[in-house]
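Read the structure below first, then the notes.
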There are 4 protein chains.
Amino acid sequence: MAGNTFGKLFRITTFGESHGVGIGVVIDGCPAGLTIDESFIQKQLSRRKPGQSAITTSRSEDEQFEILSGVFERKSTGAPISIFIRNKDTKPEDYLHLKDVYRPNHADFTYEEKYGIRDYRGSGRASARETVARVLGGSVAQLLLSHHQITIHAFVSSVGKITMEQNIESVDLSLIDTNIVRCPDAIIAKQMEDYILSIKEAGDSIGGCITCVIKGVPIGLGEPVFDKLHADLAKAMMSINAVKGFEIGDGFSSTLRRGSEHNDLFISSDKGIKTATNNSGGIQGGISNGETIYFRIAFKPVSTIMQEQQSVDKNGNAVALAGKGRHDPCVVPRAVPIVESMAALVIADHLLRNNNSKIN
Amino acid sequence: MAGNTFGKLFRITTFGESHGVGIGVVIDGCPAGLTIDESFIQKQLSRRKPGQSAITTSRSEDEQFEILSGVFERKSTGAPISIFIRNKDTKPEDYLHLKDVYRPNHADFTYEEKYGIRDYRGSGRASARETVARVLGGSVAQLLLSHHQITIHAFVSSVGKITMEQNIESVDLSLIDTNIVRCPDAIIAKQMEDYILSIKEAGDSIGGCITCVIKGVPIGLGEPVFDKLHADLAKAMMSINAVKGFEIGDGFSSTLRRGSEHNDLFISSDKGIKTATNNSGGIQGGISNGETIYFRIAFKPVSTIMQEQQSVDKNGNAVALAGKGRHDPCVVPRAVPIVESMAALVIADHLLRNNNSKIN
Amino acid sequence: MAGNTFGKLFRITTFGESHGVGIGVVIDGCPAGLTIDESFIQKQLSRRKPGQSAITTSRSEDEQFEILSGVFERKSTGAPISIFIRNKDTKPEDYLHLKDVYRPNHADFTYEEKYGIRDYRGSGRASARETVARVLGGSVAQLLLSHHQITIHAFVSSVGKITMEQNIESVDLSLIDTNIVRCPDAIIAKQMEDYILSIKEAGDSIGGCITCVIKGVPIGLGEPVFDKLHADLAKAMMSINAVKGFEIGDGFSSTLRRGSEHNDLFISSDKGIKTATNNSGGIQGGISNGETIYFRIAFKPVSTIMQEQQSVDKNGNAVALAGKGRHDPCVVPRAVPIVESMAALVIADHLLRNNNSKIN
Amino acid sequence: MAGNTFGKLFRITTFGESHGVGIGVVIDGCPAGLTIDESFIQKQLSRRKPGQSAITTSRSEDEQFEILSGVFERKSTGAPISIFIRNKDTKPEDYLHLKDVYRPNHADFTYEEKYGIRDYRGSGRASARETVARVLGGSVAQLLLSHHQITIHAFVSSVGKITMEQNIESVDLSLIDTNIVRCPDAIIAKQMEDYILSIKEAGDSIGGCITCVIKGVPIGLGEPVFDKLHADLAKAMMSINAVKGFEIGDGFSSTLRRGSEHNDLFISSDKGIKTATNNSGGIQGGISNGETIYFRIAFKPVSTIMQEQQSVDKNGNAVALAGKGRHDPCVVPRAVPIVESMAALVIADHLLRNNNSKIN
């Protein structure tokens, strides 16, 4: 059973390869009557697209999308919404020399073994270009969430060891796009940018973390016992290329603490029952509790580097590889809208799922 | 859409509450002809069961299970396998005082809000007692994996700040059950045990980490692009009560490294193509590459503590709560078989899913 | 991928064999707060149970069920509802002689070939005893539908060539259970009963049809393009043992008619827009239109007969078989609550599915 | 939960509207390494396309498809295969007068009520043009089945009362496409053709039946208890526009027979165990038994007719409607490849599902 569908009620199926005809998505389950704001979709695509700044790959795609179905007079009709983007700046010839070679940490070897055949042009389906379809689907999900006053913001919280340490509630999310790194702390952002440029010059790559903040989620989203809200968020994030770790709320640091330190005490407020602290990250027992949801995601360094590396070909013969093609030295700045999109897909799905919790 | 089913082809549906009639599972999709070794199932239940040592809750359940269907003359028949355990040592009266009160960090508040009704007896469905069903289902999955020479071992790698640091390949997994903490390093294990006892005496609780190691997984498991093997492992682990974080391979630490440091170079060996290092944790492009799969999971401190805590009741009135009932000061020793079970369910599911990757 | 789960949002998973421990169901997705009326469940079981009259098998089961989970203080909690019935009047020794023999038209041969192993005791999982679980799940679905003023009635409309011809709207559904055949026309019912008894005396069996009538379904249930409401009803009915055909509305007879004869013209009424006729059977474009839904189902004659039949054993050797065990000469009287149950499961599922058709 | 996906392991998701941009499909789960023969896909499209003969609608579409993903060097890669066809001969202006009117027996009313919005251009998503996507997906399924020596042929077996009566095994399937009706009996076919032309001249429409024959299916396909092979076939067929009934094997006529007449006795042959007759239609206990699978499907008369009909508009006001647009007087000749396609999707799905029935 293949795995190109995500979500249960708000559900996307994606298709397409890096250097094939294009990348597309089918969104099934979007309620009818939603205004499809194409400018928002385009904005999110622009934040993800290659060639947007000095610290990203130079591949140039204008990401012009076409809505193929499901929208009539600018509104969703309840029919599946399909959106497609044709690839333009493809250079399959850049990859011909990789036809029989396995690049370190890429999916070349595992795809070849699993399927017995491999579209070697720019990693084919395994390319991060696939995430365009996630942004297309996630943007429509975000439009649905906006209708319900739910907002999602992701930002770069670390690059290598350069880390932005700040309480989640005090981060000014409006500053995220004021710099090319997408870190809302201008001073840290500048350090990150300089560091990424130095990495690029060294022909190397570097990892980093993204933090995501979701506000306005109603109490009650998440389905015990397996489809806990943070379990589905974890799966969504871990399915993004290059992600190696996920933590919700105080995450790994909670393991160092005592219950008496970690527990979020309930209090009464004029907005009803709240928690005094939010170490839980807005989810308790797998269900949203009305507080801010936040989580952090680890991205490994990009596998393709310009330095020479040792590897093998299909027959196991040693080969030396130097990076060709066009690649990012650090993936996190462009991954911000992807994280937001995957988060939106999870929240939209659970928003619809929660509608049948009680009899009415 | 409720969430009590896990897996696609090897699939479990679980049911039952902490202080209700009992806990059960239906396993659908187990291939016919598998010998169902009941002693293995019982062994895994014993490792999870309460009252097993000085550092666990004193609730006493002998966990006697009954196979209700799907097994004939000790073999699976292809029909759904249902297994049920009746609860014995229930004390619902311990929970009557919690009927209208929300315990900090418990699911009381979110369940009440989501469903409008709550089985308050020992947290009902939200209790970690629910994980008995995971062990029942996961044990059958492990029997299937054993048939394919795949082994799964989890162990406690940290309790609070006490951490076992060791290269995954050099850990002696046969030592895991030689102590009550289930840490394969005897010296560290003793420190952990003493620490947990001191926490217990203080009426408090403490978090910790579990590491899981899977060997013998064939190349090719995992389904791009959403059902990557580590994405499904992440979801499985994050769905376990009290889990707050997940990382595969070198996880969060990979964000600190350069591509030239992190990449696992391919080499030829007498076992075919291998990687020289295994920072990827046995999965590349979401697909198993034949190397050891390993990941680490963060468990927060148990929410119920014996110290008095502030909270509110249904009407928002402040109440002071002191823990009653019987609880663990640290959940990780008993969570080891749960982690193994969830891992087994994911691997078994993907083993079956991979059977149709290529035409034959 | 095994097939023991039915439904998407209101979903049952069933388990159990004819002469094993018992038969059970897990219902996941029932909204919380529904009053679980056990007397209704028992009533439906009684209508299905063996030994209820002179025209049914003499196997005696009191069908005493136990709710294992998901109900608290008589109400559904949102957790999975599991219900189990232990088999009592099992006679596995009646089937020992069939261990290596394939009975004509039974699933013996296909199960053996598919799974390589077969629980030969009373057909195991392939027995119509499996339908007990459908009635358990379907009865809970009917309770949910009652809450929404939706009613479902099935009745026997033919046995062999004896047919009750009547306009659907004029059938007095309150008469269904006034005779043991469950045909609401007393005169036809008596003919059917006599005929079934004569068939029984001849050691033979006979087929028949059931008609099902659903009233009160709101406009809008059914999901284009594959999950049309009548497509899901067809699947539900065809999955019942011995069913060979399904037709909605005027079904096969519609193929004989012209569009100008068949079309249901829209009219205005004090209840809003209605159709003047109802050849469509209450569904248009796969979506309920507010009219009465009705369909007819064909049941073949029961495979087991008391007359001697020729067959083969596992090794292909010819054998002569005379029926043993206890069997019905005609399945339709007992199938009435099964049809109602499967219909209820489909309508309940689509009732929940329809909740997200439009933005609110 | 929307319903635009069909199948579990071999799975299609379709999108598109009659007078929108076009119609497309995403096929997920097709094993890698399958040669994608585009000429076969085109051939099946041609058999379905409008304007192919005097007895079909005059809309003209050349049905030029584009493979957007999943195929590399003419072979499937394991990635999702997306195929798209742009609509060309659209005449949305033909439908402007229907914007606020409900045509009898069409989905206008139910779509409007369900979604609150309706793409009225040529019925939008409810148009039979949607079936183009089924043929695209089903053709790829047929290529997979061909690889396994499984053949599927459908033919017109009745138009109105004109019926081809013949034993399934003696039908010469090679004659199906020798006439425009697609009935393999030349004499009956001519009667049907003349009859359809007379119906067309009368501005009316007529119903009919299609019979489908599947050969070469291995023993073992079908998943008890809900996903019986004929239950999934029934759902597939009933989901096709205008289908009102389904019967497998001797179907409704089996209800008239005794068990001693209906039962298919097992015999030994040089091909192993077979049945002497095939009233079961190749499926027993929901599982294929190696005999020919055959079933019959009822299509109602096309809803749109050229005669004037009474109806109402959105506000319930009476209106008189005369058919505009371009429509078929009888749908069955063009439905033949659609039936084959849906059958192929079911068999392909179950072929993959059956791979895990036993341990290996």
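Scanning the range D:302-360 for residues that are open to solvent by 10 Å² or more (accessible area, probe 1.4 Å), at pLDDT 90 or above and of a type in the set (Lys, Arg) returns D:LYS314, D:ARG334, D:LYS358.
For the range B:61-72, the candidate set comprises residues that are more than 8 Å from chain C (Cβ to nearest Cβ) and either free of Cβ contacts under 8 Å to residues at least 24 places away in the same chain or within 22 Å of B:LEU9 (Cα to Cα) (or both); within that set, the residue that is most open to solvent (accessible area, probe 1.4 Å) is B:GLN64.
The number of residues in the range A:195-241 being surrounded by 24 or more Cβ atoms within 10 Å (Cβ to Cβ), touching a helix residue (DSSP H, G or I) at 6+ places or on another chain (Cβ under 6 Å) and either among the aromatic types (Phe, Trp, Tyr) or over 30 Å from A:LEU352 (Cα atoms) (or both) comes to 4. For the range C:171-185, the count of residues that are of a type in the set (S, T, N, Q) and within 11 Å of chain D (Cβ to nearest Cβ) is zero. Taking first residues from the range C:107-119 that are closer than 14 Å to D:GLY286 by Cβ and within 7 Å of chain D (Cβ to nearest Cβ) and partners that are of a type in the set (Lys, Arg) and open to solvent by less than 10 Å² (accessible area, probe 1.4 Å), no Cβ contact under 7 Å between residues at least 6 apart in sequence or on separate chains turns up. Remark: A:SER253 matches the filter, which requires a residue to be open to solvent by 10 Å² or more (accessible area, probe 1.4 Å), of a type outside the set (Lys, Arg), outside any strand (DSSP E or B) and more than 8 Å from chain B (Cβ to nearest Cβ).
When B:ASN278 is tested against (1) open to solvent by less than 20 Å² (accessible area, probe 1.4 Å); (2) in a loop (DSSP other than H, G, I, E, B), exactly one condition is not met: (1). Among the residues of the range B:277-320, write down those that are hydroxyl-bearing (Ser, Thr, Tyr), closer than 30 Å to A:GLU113 by Cβ and in contact with a strand residue (DSSP E or B) (Cβ under 6 Å, 6 or more places away or on another chain). Of everything in the range B:277-320, those that are hydroxyl-bearing (Ser, Thr, Tyr), closer than 30 Å to A:GLU113 by Cβ and in contact with a strand residue (DSSP E or B) (Cβ under 6 Å, 6 or more places away or on another chain) turn out to be B:THR292, B:TYR294.
Might you check whether a residue that is within 30 Å of C:LEU351 (Cα to Cα) and without any contact (Cβ under 8 Å) to a residue 60 or more places away in the chain occurs anywhere in the range C:189-200? No: zero hits.
Checking D:GLY7, D:GLY22 one by one, the residue that is closer than 30 Å to A:SER76 by Cα and in contact with a Lys or Arg (Cβ under 7 Å, 6 or more places away or on another chain) is D:GLY22 and no other.
For B:VAL25, the conditions (1) of a type in the set (Val, Ile, Thr); (2) open to solvent by 10 Å² or more (accessible area, probe 1.4 Å); (3) under 27 Å from C:LYS114 (Cβ atoms) are fulfilled apart from (2).
State yes or no: is D:SER139 open to solvent by 20 Å² or more (accessible area, probe 1.4 Å) and either within 20 Å of D:PRO333 (Cα to Cα) or facing chain C (nearest Cβ under 9 Å) (or both)? No: the conditions fail for D:SER139.
Summed over the range D:321-360, residues that are within 30 Å of C:GLU112 (Cβ to Cβ), among the aliphatic types (A, V, I, L, M) and in a helix (DSSP H, G or I) total 9. Just one of the numbered conditions (1) within 30 Å of D:GLY3 (Cα to Cα); (2) more than 8 Å from chain C (Cβ to nearest Cβ); (3) of a type in the set (Gly, Ala, Ser) is not true of D:ALA322: (1).
Condition first: small (Gly, Ala, Ser), under 21 Å from the mean Cα position of the chain (by Cα) and surrounded by 22 or more Cβ atoms within 10 Å (Cβ to Cβ). Can you find one or more residues in the range A:45-55 that meet it? No; the residues of the range A:45-55 include none that is small (Gly, Ala, Ser), under 21 Å from the mean Cα position of the chain (by Cα) and surrounded by 22 or more Cβ atoms within 10 Å (Cβ to Cβ).
Please tell me if C:GLU93 is open to solvent by 10 Å² or more (accessible area, probe 1.4 Å) and closer than 30 Å to C:ILE196 by Cα. It is true that C:GLU93 is open to solvent by 10 Å² or more (accessible area, probe 1.4 Å) and closer than 30 Å to C:ILE196 by Cα.
Within the range D:7-46, being aromatic (Phe, Trp, Tyr), within 14 Å of chain C (Cβ to nearest Cβ) and closer than 28 Å to D:SER60 by Cα holds for one residue alone: D:PHE15.
Between D:ILE41, D:ILE12, the distinction of being crowded, with 21+ Cβ neighbours inside 10 Å and in a strand (DSSP E or B) belongs to D:ILE12 only.
Being closer than 24 Å to D:SER341 by Cβ, among the polar types (S, T, N, Q) and in contact with a Leu (Cβ under 9 Å, 6 or more places away or on another chain) holds for only one residue in D:SER288, D:SER311, D:SER303, and it is D:SER288. Can we say A:PHE246 is without any contact (Cβ under 8 Å) to a residue 24 or more places away in the chain and either within 8 Å of another protein chain (Cβ to nearest Cβ) or under 25 Å from A:SER46 (Cα atoms) (or both)? Considered against the rule, which asks whether it is without any contact (Cβ under 8 Å) to a residue 24 or more places away in the chain and either within 8 Å of another protein chain (Cβ to nearest Cβ) or under 25 Å from A:SER46 (Cα atoms) (or both), A:PHE246 comes out as no. Kindly check whether there is at least one residue in the range D:180-191 that is surrounded by fewer than 24 Cβ atoms within 10 Å (Cβ to Cβ), over 20 Å from D:GLN44 (Cβ atoms) and in contact with a strand residue (DSSP E or B) (Cβ under 7 Å, 6 or more places away or on another chain). Yes, because at least one residue in the range D:180-191 is surrounded by fewer than 24 Cβ atoms within 10 Å (Cβ to Cβ), over 20 Å from D:GLN44 (Cβ atoms) and in contact with a strand residue (DSSP E or B) (Cβ under 7 Å, 6 or more places away or on another chain). Once the range A:282-294 is narrowed to residues that are buried (at least 24 other Cβ atoms within 10 Å of the Cβ) and part of a loop (DSSP other than H, G, I, E, B), the residue that is farthest from the other protein chains (Cβ to nearest Cβ) is A:GLY282.
Picking from residues in the range C:151-179 that are small (Gly, Ala, Ser) and open to solvent by 60 Å² or more (accessible area, probe 1.4 Å), the one that is farthest from C:GLU308 (Cα to Cα) is C:SER170.
Checked against (1) assigned to a strand (DSSP E or B); (2) facing chain B (nearest Cβ under 9 Å); (3) surrounded by 23 or more Cβ atoms within 10 Å (Cβ to Cβ), A:ILE297 passes all but condition (2).
The values are calculated or read from the model by the stated rules, or taken from the named source; none is laboratory data. Predicted, not measured: the structure shown is a model, and the values here were computed from it. With ideal geometry, Cβ positions are generated from the backbone for all residues, glycine too; neighbour counts draw on all protein chains shown. Ligands, DNA and RNA are stripped out before the accessible areas are found, and what is left, the full protein with its side chains, is counted by its heavy atoms. Shrake-Rupley method; radii C 1.70, N 1.55, O 1.52, S 1.80 Å.
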